[in-house]
Amino acid sequence: MDNFIIETSARHVHVTREALDILFGKGFELEVKKPLSQPGQYASNQKVEVVGPKSSLKCSILGPVRPQNQVELSFTDARTLGIVAPIRESGDVAGSAPCKIVGPCGELDLKEGAIIALRHVHMTPADAERFGVHNGQVVSVEVEQETGRKLIFGDTVIRVSDKAALAMHIDTDEANAAACSGEMTGHIVPAPKTVSQVCDAD
């Protein structure tokens with residue numbers, strides 16, 4: 001069975017160039033802490049405070065800068081902050097939850113931008129051809145592990161890009177539900193056939 005790595009993505013923030021200037025000072029550049037699996041992306045040394053009506057949480061900034069500001073949370077994080085964040089694909093922030101981002105030099109009141117990221121699998125076009133899927137397709141993925149919490153994640157979107165590296169991303173709530181730890185892998189589960197499909201095949 002063709003497996004791929006499953007990575008846990010903890011809460012984090014993406015910021016624009018303008019936002020970085022406000023939060024850390026004009027011309028500030030993010031410092032690379034460690035590269036991430038997706039080419040060109042990295043966790044920075046910089047953290048900000050994400051503030052909601054009930055509480056606040058420290059979040060790392062992922063680089064490089066983006067065209068729009070985005071705060072990616074788990075359901076638990078959103079409840080802690082006291083906000084209602086929708087489940088969205090990364091980049092789809094229109095009409096999402098408001099929050100405040102506070103840095104050492106300034107703060108931003110975002111009217112939208114806080115989401116719970118839809119779990120997804122990054123693939124190249126060659127990977128997609130190998131797996132027999134296409135960009136935007138929704139699949140189910142079974143986690144390969146021996147913790148006694150075998151789990152199939154439904155509603156997993158395929159994201160195809162020639163700049164991608166093969167990996168599935170889930171948030172911390174999802175990882176805890178499957179008792180994921182260390183290096184985890186998974187595979188796409190074939191969609192079950194309906195009665196009519198079985199009869200047609202016969």
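Within region 1-60, how many residues turn out to be small (Gly, Ala, Ser) and either open to solvent by less than 30 Å² (accessible area, probe 1.4 Å) or in contact with a Lys or Arg (Cβ under 7 Å, 6 or more places away or on another chain) (or both)?
Result for region 1-60: 6.
Quick one: what pairs do we get from region 173-188, first residue closer than 12 Å to THR76 by Cα, second open to solvent by 30 Å² or more (accessible area, probe 1.4 Å), C-beta under 7 Å, 6+ apart or different chains?
ASP173/PHE75; ASP173/THR76; GLU174/ARG119
If I filter region 157-181 down to residues being outside any loop (DSSP other than H, G, I, E, B) and out of contact with any strand residue (DSSP E or B) (no Cβ under 8 Å at 6 or more places or on another chain), which single residue comes out as surrounded by the fewest Cβ atoms within 10 Å (Cβ to Cβ)?
ALA177
One residue is enough: does region 80-91 have a residue meeting the conditions free of Cβ contacts under 8 Å to residues at least 24 places away in the same chain and open to solvent by less than 70 Å² (accessible area, probe 1.4 Å)?
Yes.
Take the conditions assigned to a strand (DSSP E or B), farther than 26 Å from LEU23 by Cβ and small (Gly, Ala, Ser) and apply them to GLY154. Does it pass?
yes
Could you tell me whether region 96-118 includes any residue that is farther than 24 Å from HIS12 by Cβ and not aromatic (Phe, Trp, Tyr)?
No, region 96-118 has no match at all.
The values are calculated or read from the model by the stated rules, or taken from the named source; none is laboratory data. Keep in mind that this is a model prediction, so the values were computed, not measured. We place every Cβ from the backbone using ideal geometry, glycine too, and count neighbours over all the protein chains shown. These accessible areas exclude ligands, DNA and RNA; they are computed on the full protein's heavy atoms, side chains included. Shrake-Rupley method; radii C 1.70, N 1.55, O 1.52, S 1.80 Å.
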